Amino acid sequence: MVPFYQFEAISLQGKPISFEEYQGKVVLVVNTASQCKLTPQFKALEALYQKYQSQGLVILGFPCNQFRQQEPGNAEDITQVCSLNYGVTFAMFDKIAVNGKHSSPIFQYLKQQLPGIFGSIIKWNFTKFLIGRDGQPIKRYAPITNPANIEQAIINALKN
């Protein structure tokens with residue numbers, strides 16, 4: 001089986017989710033934070049999700065508090081910010097670490113498959129990883145990359 005589908009994560013509601021559920025889908029994995037200057041990207045991510053979910057796009061948000069403690073809240077706090085302030089309906093998961101020895105296995109894998117400018121570390125909140133329908137990582141996007149600027153890559157991935 002493709003390595004991506006072997007992962008599992010805990011949803012904000014405390015439910016384990018197997019990534020096998022995402023087979024055949026185009027997946028955008030994003031490390032998020034609700035108190036970051038990039039937090040408004042939630043709106044653009046949600047817009048992409050609404051536009052392309054029926055064609056097979058899935059967005060997976062992973063809150064992370066490793067960058068200036070910009071995600072200090074618990075699951076309930078995160079849910080409120082995401083849903084009330086930004087209308088997020090895509091999958092959000094339990095808070096994780098993306099760097100260091102306690103880094104989430106999914107981010108260890110993605111960083112190894114698609115190293116960035118700084119090698120195998122995540123530079124900041126809202127780093128994005130695009131995964132193809134076959135479970136293969138396609139491209140990594142910088143935190144400052146506006147989700148709208150990924151739209152064409154998503155469209156191309158959805159065609160495959």
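The values are calculated or read from the model by the stated rules, or taken from the named source; none is laboratory data. Computed from a predicted structure; not experimentally measured. FYI the Cβ positions are ideal-geometry reconstructions off the backbone, even for glycines, and counts take in every protein chain you see.
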Checklist entry - Going through region 9-49 one residue at a time, which ones are loosely packed, with under 14 Cβ neighbours inside 10 Å and either under 14 Å from Asp94 (Cβ atoms) or at pLDDT below 95 (or both)? => result Gln13, Gly14, Lys15, Pro16, Lys37, Pro40
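Inspect all residues belonging to region 67-74 and state whether any of them is acidic (Asp, Glu), at pLDDT 95 or above and within 27 Å of Gln112 (Cα to Cα).
Looking through region 67-74, none of the residues is acidic (Asp, Glu), at pLDDT 95 or above and within 27 Å of Gln112 (Cα to Cα).
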Checklist entry - Quick one: is Val58 crowded, with 20+ Cβ neighbours inside 10 Å, in contact with a strand residue (DSSP E or B) (Cβ under 7 Å, 6 or more places away or on another chain), within 25 Å of Ile154 (Cα to Cα) and of a type in the set (Val, Ile, Thr)? => result no
Checklist entry - Within region 129-148, is there a residue that is among the polar types (S, T, N, Q), in a loop (DSSP other than H, G, I, E, B), at pLDDT below 95 and surrounded by 14 or more Cβ atoms within 10 Å (Cβ to Cβ)? => result no
Next on the checklist: Step by step: first the residues of region 60-86, then only those that are outside any helix (DSSP H, G or I) and of a type in the set (D, E, K, R), then the one that is nearest to Leu45 (Cα to Cα). Which residue is that?
Outcome noted: Glu71
